[in-house]
1. Can you report the number of residues in the range 47-79 which are closer than 14 Å to residue 98 by Cβ, among the small types (Gly, Ala, Ser) and assigned to a loop (DSSP other than H, G, I, E, B)?
2. Look through the range 80-117, keep the residues that are open to solvent by 90 Å² or more (accessible area, probe 1.4 Å) and part of a loop (DSSP other than H, G, I, E, B), and return whichever of them is farthest from residue 129 (Cα to Cα).
Amino acid sequence: MNSVASLYRRLSIREFVATKPIYNSAADECGEGLSLLFRRWATKKTAGSTKNGRDSLPKNLGVKKFGGERVIPGNIIVRQRGTRFHPGNYVGMGKDHTLYALKEGHVKFERNKLTGRKWIHVEPKQGYEIHPVYVTAPAPE
């Protein structure tokens, strides 16, 4: 503490700043020496690039109508990628593997015990209709 006070008394900062010139010659002002007057400092740091920063829109996948729910023709039952669920009776499949109802009725989920494959059926409101080919065929004796 004592040495700092004596140094300050010997070297008066006000006198040092006031008496010493910033530049020794005109050459320093032109840029050959260290220029303190014309130096410009950055006001913001540069922003580095990042590999993140993009996000895709939600695809809204999943089961839309659960087992036992009533559906009408055209109702989407499941939106999926690939065939996690397979179309069963009165269920159609779109080009993006969306399963939809072909007839009015109730949704029924079924799972095969051996293969584990999941099927989705629509149980029709009026009951199952037999195809006309089988109706006109004679009964076997």
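The values are calculated or read from the model by the stated rules, or taken from the named source; none is laboratory data. Predicted model, so just to flag it, every value in this text is computed and none were measured. Using ideal geometry, Cβ is built from the backbone for each residue, glycine included, and neighbour counts are taken over all protein chains shown. Only protein heavy atoms, including side chains, enter the accessible area calculation; ligands, DNA and RNA are left aside. Shrake-Rupley method; radii C 1.70, N 1.55, O 1.52, S 1.80 Å.
1. Residues meeting the conditions: 1.
2. 81
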